[in-house]
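The values are calculated or read from the model by the stated rules, or taken from the named source; none is laboratory data. The structure displayed is predicted, hence computed values, not measured ones. Reconstructed Cβ throughout: ideal geometry from the backbone, glycine too, with neighbour counts over all protein chains shown.
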Amino acid sequence: MIARGRKSLGNILKHHTMASGQTVPVLGFIFVVLALWAAMLVPALAQGTADSTPAPSASPVVPAEVIADPFVVHNVPVDVTATSVTEARERGLTQARVTAFRRLIEWMTLRENWAAIATPDTNKVIEMVLEFSVANERSSAVRYLADLTVRFDPVLIRTFLRAQNFPFAETPSRFLVVVPLYQPSAGGAVELWQDANPWRDAWSAILPHDGLVPITLPLGDLQDIAMVSADQAIAKDREALMKLAAKYGAAGVVLARATSTGDTLNIAVTELRPLGDPFEAQLSATVSGADDKARAEAFKTAAIEAMQPVEDHWKKRNTLRFGAGGKLTALISVNSLQEWLGIKARLARVPAVEKVDLEAMSKTLVQAAITFVGDEAQLQFAMSQSDLELSKDGDMWILRAPSLRVQPPATEPPPAAVAPPKP
């Protein structure tokens with residue numbers, strides 16, 4: 001690990017000067033701060049109990065966006081027939097956990113390396129499972145059907161992948177909105193919001209889509225239709241498309257344009273986010289089928305394939321470099337203990353963050369040491385996916401969580417400034 005230097009401002013928080021001029025070590029000071037917060041809270045609760053009309057509350061904390069757990073695999077199908085339903089269930093649950101393991105490994109690694117990563121024996125896979133849950137169970141005398149959700153042990157999965165010596169990523173993206181453009185024939189009109197759109201139906205059929213790049217589909221309501229036309233989508237109108245993404249709280253869009261030429265679907269995929277250059281890829285898929293059901297299944301497979309270059313692009317950008325890493329000290333401005341706990345919970349979800357140590361705190365400032373893997377740019381980007389902003393001001397790192405910011409009540413006096421220790 002590379003130790004990062006600290007600015008003298010870090011020492012400001014290690015001792016806080018009290019009114020008497022006495023300094024309090026950080027641990028004792030933490031208890032003082034907690035006592036101050038408790039002292040502020042108790043009178044407010046007492047007043048609320050005494051008055052029949054509750055006092056107006058401060059602005060609520062905005063909950064963090066639900067970030068997918070990269071080590072949970074959902075909706076693994078089980079369908080096994082055996083000599084008895086007990087045997088079918090046992091075999092099915094075992095096979096499903098192995099299937100879930102393979103899915104997880106493919107989510108986290110590049111497609112070009114999949115064939116070289118061997119699946120370990122069943123017992124080793126089972127050891128890497130923390131827990132699993134079963135839904136939609138159905139059975140007969142000899143057949144068992146269900147859907148499994150499997151949660152894997154992050155430490156054991158990382159150990160397995162590092163032993164394979166292949167790069168991998170585990171930082172999940174904030175979700176993207178898919179805009180499915182369909183051209184039934186070359187030179188024909190391009191469809192977007194029409195009901196009879198087999199390409200849109202295919203994307204709908206693969207939801208929910210697990211992996212590091214979760215996706216959703218727009219509703220196609222009147223607001224969506226007014227916001228983005230087919231012509232605007234074809235022109236990759238960033239302003240219009242980002243408005244659509246903002247409506248759904250998404251990080252960006254995936255434009256998926258499919259042109260049908262006989263039994264071949266030519267697909268152009270463009271990933272657009274508010275900032276940065278678009279990512280583009282092209283591929284083709286065979287969508288022939290003996291009947292409508294088979295053709296619909298072929299379209300569904302094509303939609304899954306269309307997401308693959310987007311996912312690989314994300315993984316390359318977020319590959320964890322375990323040979324690099326370090327430790328930095330960040331200052332965090334907070335208005336409440338609740339806000340700090342919310343930030344701490346978000347940090348725990350950032351894969352690049354190995355450990356967070358509280359070094360000092362006052363009523364309005366927290367100083368924390370963050371140990372991480374990879375480089376600082378990767379850490380900043382990984383944090384942004386959990387709505388955390390890490391920036392540098394001179395030699396000092398500043399961490400913010402805008403959506404957790406709670407303004408103090410108007411009646412509360414401004415917090416006292418943190419004073420440096422006396423020599």
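Scan region 330-372 residue by residue and report those that are β-branched (Val, Ile, Thr), buried (at least 19 other Cβ atoms within 10 Å of the Cβ) and assigned to a loop (DSSP other than H, G, I, E, B).
Keep residues of region 330-372 that are β-branched (Val, Ile, Thr), which gives 332, 334, 343, 350, 353, 356, 364, 366, 370-371.
Filter once more, keeping what is buried (at least 19 other Cβ atoms within 10 Å of the Cβ): 332, 334, 343, 350, 353, 366, 370.
Matches in region 330-372: Val334, Val350.
The requirement of being under 21 Å from the mean Cα position of the chain (by Cα), at negative phi and of a type in the set (A, V, I, L, M, F, W, C) is not satisfied by Met128. Would you confirm, using the coordinates I've provided, whether Arg97 is within 23 Å of Ala352 (Cα to Cα), among the basic types (Lys, Arg) and either surrounded by 18 or more Cβ atoms within 10 Å (Cβ to Cβ) or at pLDDT 95 or above (or both)? It is false that Arg97 is within 23 Å of Ala352 (Cα to Cα), among the basic types (Lys, Arg) and either surrounded by 18 or more Cβ atoms within 10 Å (Cβ to Cβ) or at pLDDT 95 or above (or both). Looking at Arg273, Arg238, Arg295, just one residue is surrounded by fewer than 18 Cβ atoms within 10 Å (Cβ to Cβ) and in contact with a Gly (Cβ under 7 Å, 6 or more places away or on another chain), and that residue is Arg295. Residues that are of a type in the set (Val, Ile, Thr), over 17 Å from Val213 (Cβ atoms) and touching a residue at least 24 places away in the same chain (Cβ under 8 Å) within region 263-302 comprise just one, Val287. For the residues Ala226, Ala233, the requirement of being crowded, with 17+ Cβ neighbours inside 10 Å, modelled with pLDDT of 95 or more, of a type in the set (Gly, Ala, Ser) and not assigned by TED's automatic domain parsing to the domain that holds Val350 singles out Ala233. Looking only at region 256-286, residues that are farther than 26 Å from Trp314 by Cβ and outside any strand (DSSP E or B) come to 2 in all. What are the residues in region 104-119 that are of a type outside the set (A, V, I, L, M) and exposed (fewer than 15 other Cβ atoms within 10 Å of the Cβ), if any? Result: Arg111, Glu112, Trp114, Thr119.
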